[in-house]
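These notes are about the structure you will find just below.
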Amino acid sequence: MAIATRSTLLQGLRCRACGELQPADERYVCAECLGPIEPEYDLDRSRAEDLRAEITEGPRTLWRYAPLLPVRDAVGDSPVGWTPLIPAPRLGAALGITHLYVKDDTHNPTLSFKDRPVAIALARALELGLDTLACASTGNLAGAVAAAAARSGLRAFVFVPETTEPGKIASAAAYGAHVVRVTGTYDQVNRLCGRLADEHGWGFVNFTLRPYYAEGSKTLLFECAEQLGWTLPHHVVVPVGSGALLTRTATAAAQLRAAGLVDDGHCHIHAAQASGCAPVSDAVLGGRPVTPVRIPETIAKSIAIGAPSDGDGAVSVVNASGGSAASVGDSDIADAIALLATTEGIFIEPAGGVVVATARELARRGVIHDGETVVLYLTGSGYKQEPTTGELGPVIPPDADAFHLAYEEVLR
Ligand SMILES: [Zn+2]
């Protein structure tokens, strides 16, 4: 079932390479130069009040931002987005950040932010009349695509590295998708899917539907700004896999400003990566272009992309926004997962640990000034994950004395 359509302000798709504006038809690369194309909207500050009212009265899902999304007809009704922006004072005290919030995107249907880009890609696939959704995934996207396809009665093929966490593979399979496990790295899976996308007329969300898919990532910052009373946070810390979430965070900030929905204040965008796969963070910190990482080695598998498709774009965005970057080791990631869980009661996957550990590093370096608002993007739940934290106590017989004996030190 689709709800009533609200009008998009989409004007067409602009090529990032040659600048040509083209119609939003079936193309997914520039017809002139095969460059990457991105939706462009008719934004006008003089209509800011009307637009703000339309958004505010919209559904409590990402579809409240329909005017700033590239879909004309098929607006889905799945409960994606409008996740909580939670003040995190106990975590903030531990990190040395006074105004800290977490954007808890584990509240999406398949427990990760990937439900957002998939919602837009699905709507586009339905507009085009496609019967199959597909993707290359490190795990979370596979579940999001599988669930969205199931809900709409479409077939799904999801391609993942064979080393993907069993919990993520199992949930994608439960939604009825064909889960294709592939030997090798995510980048090798990605190249395979690039070839298959040319061969089959499927809706490959991160290839043939990419200009639409990537737009879903903007909605995290749209929501943060609205939840902060139509103000941009001073700092956003973004986990970086392909780099699409980071670049679209900058796009979202630019569109909110152009539409007059927020003031022109600074929003510093920071890249968070694991040291076992940090092509973007290393490029930012080293002041050089992205060098691909051939074999990623980190517990943060959901962002372990050695050759990020939006890597150089992400580096430019970080630099242009006055942001910074960090790369953090696996033990710091595990500690950060435990710190967030024990201070704020939120259980995240390692990519979130990367974000929390990066925030700690940025605070330590003096990048974040007193009183500035900081938002951490928590993009995936710990509940689909192999345990990285949490020591369990002994098993005891059902006996009070046994309990008191076993927990003597804790109770003292
Ligand atoms: Zn072009």
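Just so it is clear, none of the values below were taken in a lab; they were calculated from the coordinates. These numbers were taken from a predicted model, which means no experiment stands behind them. Cβ coordinates were reconstructed from backbone atoms using ideal geometry, including for glycine residues, and neighbour counts include every protein chain displayed.
Observations on the structure shown:
- Each residue in the stretch 333-347 was checked for being outside any helix (DSSP H, G or I) and among the β-branched types (V, I, T), and 1 of them qualify.
- Residues of the stretch 189-215 that are in contact (Cβ under 8 Å) with a residue 12 or more places away in the chain and of a type outside the set (A, V, I, L, M, F, W, C): N190, G194, H200, G201, G203, N206, T208, R210, P211, Y212, Y213, E215.
- Residue list for the stretch 18-63, restricted to those being free of Cβ contacts under 8 Å to residues at least 12 places away in the same chain, more than 10 Å from the ligand (Cβ to nearest atom) and closer than 20 Å to V205 by Cα: P23, D25
- Criterion (acidic (D, E) and buried (at least 19 other Cβ atoms within 10 Å of the Cβ)) met by exactly one of E409, E391, E361, E372: E361
- Hits in the stretch 138-163 - residues which are crowded, with 24+ Cβ neighbours inside 10 Å and in contact (Cβ under 8 Å) with a residue 40 or more places away in the chain: T138, G139, N140, L141, G143, V145, A148
- Meeting the requirement of 2 or more residues that are out of contact with any Phe, Trp or Tyr (no Cβ under 8 Å at 6 or more places or on another chain), crowded, with 23+ Cβ neighbours inside 10 Å and in contact (Cβ under 8 Å) with a residue 40 or more places away in the chain, the strands (runs of 3 or more DSSP E) wholly within the stretch 216-332 are 268-274, 325-328.
- Enumeration of residues in the stretch 153-212 that are among the basic types (K, R) and within 26 Å of L128 (Cα to Cα): R155, R191, R195, R210
- Check on S316, among the small types (G, A, S) and in contact with a Lys or Arg (Cβ under 9 Å, 6 or more places away or on another chain): no
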